[in-house]
């Protein structure tokens, strides 16, 4: 557990990636200590060791989830242990699975680090896909948060980075092996890992230096970060006041040469910024249209509602495009909803024990019918990613796109991390969203209620950003995309190739 907790320091905002060396080195020694008894006994020992390491890792790395239960403490404080300890306990089961898979391939010798990378690599993919998936703080993010180290994601994606990070960080464990060979051979795993690390850095530097990015002409973005507390957003009566605050902040002059919205072509607001359904509030749309002044287009998170008092009402967490006249001219619904936040899985059981989803909406949100790119006046085609959708590698592009369909030219991530206060959560969320830009070769425009809002180029370099916990606006141009990356073209193949290489390394070790 202590080793797992130490490994969590490799994640943002601490970002000390050598901390993962502690976790992965101890992981190798734990598996070494599973003994040479019956296979069933070894699997049980490995799974227990994996669960303990995973529990320490997830409790330390995801402690900030507790903040969400304190937003409405009178309703949810009792469930805080479920988030802070219960979810890590469940996620640690995947690490237990990874250790169990690893022990099936375990042999003495340096190549056993490939067995660890294969087993845990498979379990991390399972964590990111099964039961709607939760690939938060995947081990590969130790590298993925740094643009130089993260460029490999353009080839293998996050899960490929995970296998690479595990192999490199586990290699020091071999320094404690019995010294039966020459000193150079004995140290060869660490030497090889250092050489591979240098190659990763060289690839990253070369790719960044070769990657000059132009800007889309005639697009001047303004991102509004209101830094609004969740308590304020829950009061429907505060809707008009909130809207006026947004409009005043959006029209702020940021320099002697930037006179509010006069110089802005596209204004971006974060996820679900007000406590009402925008399309059903004509007065709000009129106020927005007047503020846009006939020349600015608004892209905003919003609640979209279908149905009326005579039919079942369905609510969607959406991104909506409001033209310069105050009319909604485009919309996209969130597809990948947050369990227990936006909807309640197994609702009959959990409601029976008194649990509700965090967002106080009867019945919760409904998922959209598919992820699709949308357009807005004056902008190239773009792919909306609402909050949580930005953490899933290989799942951010349009679903069921026809062959030859136009490729989106940037990613637009609107989010509300106000649930988590000034904790590690928003930093981790931003790092994961930024990695999607590298994987896909697309710029990222991100508007967050409390931060971090930013514009990121397709190599993962931050052009401009607003820090966590401030109310402000950010003005920027829109970067152009680059050619599709190998990962964006063949995401499944890229991940399978990374796993195949680690499996081959483990199998070679059984023959030596």
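Throughout, read-outs are computed from the coordinates displayed, never taken from laboratory work. Predicted model only: the values in this text are computed from it and were never measured. A quick note on method: Cβ atoms are made from the backbone with ideal geometry, for glycine too, and the neighbour counts reach across all protein chains shown.
Computed per residue of the chain from DSSP H runs no shorter than four, each worth -39500 (n - 2.57), the mean residue ellipticity at 222 nm is -12500 deg cm²/dmol.
Among 162, 254, the order by Cβ neighbours within 10 angstrom, fewest to most, reads 254, 162. Helix 112-129 axis versus longest C-alpha principal axis of the chain: approximately 30°, rounded to the nearest ten.
Where does segment 425-512 land on Rg/Rh, using Cα atoms and the Kirkwood Rh? Dividing the radius of gyration by the Kirkwood radius yields 1.19. Mind pulling the angle between the C-alpha long axis of helix 153-170 and the longest principal axis of the chain? Nearest 10 degrees, somewhere in 0 to 90. Once rounded, the angle reads 40 degrees.
Exposure proxy ranking for 132, 265, 450, based on other Cβ atoms within 10 angstrom of each Cβ and starting from the fewest, stands as 132, 265, 450.
Note on residue 90 and residue 327: their simple-model spin labels are 4.5 nm apart, each label 7 Å out from Cα toward Cβ. If you find the alpha carbon centre of segment 131-152 and of segment 21-100, how far apart are they in angstrom? With segment 131-152 and segment 21-100 each reduced to a Cα centre, they are spaced 18 Å. Multiplying the residue separation of residue 492 and residue 130 by 0.36 nm and subtracting their alpha-carbon distance yields 128.8 nm.
Would you mind classifying segment 129-223 by shape? Square roots of the alpha carbon gyration tensor eigenvalues, ordered a ≥ b ≥ c; an a/c under 1.5 is rounded, otherwise it is prolate if a/b is larger than b/c and oblate if not. Note, shape of segment 129-223 comes out oblate. Estimated at 0.36 nm per residue, the fully extended path between residue 175 and residue 108 surpasses their Cα-Cα distance by 22.8 nm. Compared with the direct C-alpha span, the chain from residue 464 to residue 405 gains 18.2 nm at full extension, assuming 0.36 nm per residue. Using the Cβ-Cβ distance between residue 198 and residue 255 with R0 set to 56 Å, the FRET efficiency from 1/(1 + (r/R0)^6) comes to roughly 0.85.
Contact order for the chain, expressed relative to its length and based on alpha carbon pairs under 8 Å spaced 6+ residues apart, stands at 17 percent. When only Cα pairs below 8 angstrom with a gap of at least 6 residues are kept, segment 82-150 shows a relative contact order of 25 percent. The calculated FRET efficiency for residue 191 paired with residue 16, based on their beta-carbon distance and R0 = 22 Å, is about 0.45. Sorting 21, 166 from the fewest to the most surrounding beta carbons within 10 angstrom yields 21, 166. Between 0 and 90 degrees, the angle of helix 425-440 with respect to the longest Cα principal axis of the chain falls at about 80 degrees. All C-alpha to C-alpha distances of segment 47-168, sorted into 5 Å bins beginning at zero, yield P(r) values of 2, 12, 18, 20, 18, 14, 8, 5, 2, 1, 0, 0 percent in whole numbers. FRET efficiency for the residue 313 to residue 262 pair, using the beta carbon distance and R₀ = 41 Å, is estimated at 0.55.
Projected label points at residue 41 and residue 375, each 7 Å from Cα along the beta carbon direction, are separated by 6.9 nanometres.
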